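Undergrad: If you scroll down you'll find the structure; I have some questions about it.
The values are calculated or read from the model by the stated rules, or taken from the named source; none is laboratory data. These figures come from a predicted structure and were not determined experimentally. Neighbour counts run over all protein chains shown; Cβ positions are idealised from the backbone, glycine included. For accessibility, only protein heavy atoms count, side chains too; no ligands or nucleic acids. Shrake-Rupley method; radii C 1.70, N 1.55, O 1.52, S 1.80 Å.
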Amino acid sequence: MRIVVLASGRGSNFQAIIDSINTGNLFVSCVGMITDNPSAYAIERARNAGIPATVIDYHAYPSRLEYEVDLLAALKELLPDLVVLAGYMRILGREIIFEYKGRIINIHPSLLPSFPGLHAQAQALAYGVKVAGCTVHFVDEEMDAGPIILQRSVVVKEDDTADMLEERILKEEHIALSNAIRLFYEKKLTICDRRVVIS
Ligand code: GRF
């Protein structure tokens, strides 16, 4: 199975996928990494792993629409069976979502539907929840709202800072994302309305 990863920054989730492939825990071929950010560390990670990296600099485009046209063209060239948003910090346009319907997944650092959007871990801490976590979900037109595949939780400690909580959640993200990719290629996921049934 061919996967393409979209990442905007540090790329630790991308690295976790690379590591899972290299240790034989994930039988997929990562055929490319695409980033909207020319200074994303994910580019370095792709280079080190011998994975082709494509930079489509969002800020070099006059409009989001034109950016999306090139992004879709780059995706199509790579013929992905699955598109993995691993710290991709933009909302995907309708055309791309339509083209890869049911074949795009995203990792988000909260137990959705709580705390969508940016700084989810800090939102959770400020709200005072006792349990936080991460969610892997299919991507639809709404932000952080598609059918949920997997969630992993962490206990919020009394002396947690947002950074400490973020670090603990990140470890769970790395596990959850690889697990979700595995369930996808094993064809164990069926979307029934809002629910993802795991067989
Ligand atoms: C992760 O917490 C991810 O859930 C969120 O952005 C962060 C990206 O981290 N969407 P990394 O780039 O994978 O290290």
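Undergrad: Give the residue, chosen from 151, 123, that is under 14 Å from the mean Cα position of the chain (by Cα) and open to solvent by 50 Å² or more (accessible area, probe 1.4 Å).
TA: From the options 151, 123, the qualifying one is 151.
Undergrad: Which residue, of 165, 170, 177, is under 15 Å from residue 85 (Cβ atoms), within 13 Å of the ligand (Cβ to nearest atom) and modelled with pLDDT of 95 or more?
TA: Only one candidate passes the filter, namely 177.
Undergrad: Sticking with this structure for a sec: Taking into account only those residues within the stretch 91-104 that are part of a loop (DSSP other than H, G, I, E, B) and open to solvent by 70 Å² or more (accessible area, probe 1.4 Å), which is nearest to residue 16 (Cα to Cα)?
TA: Applying the filter and picking the extreme gives 103.
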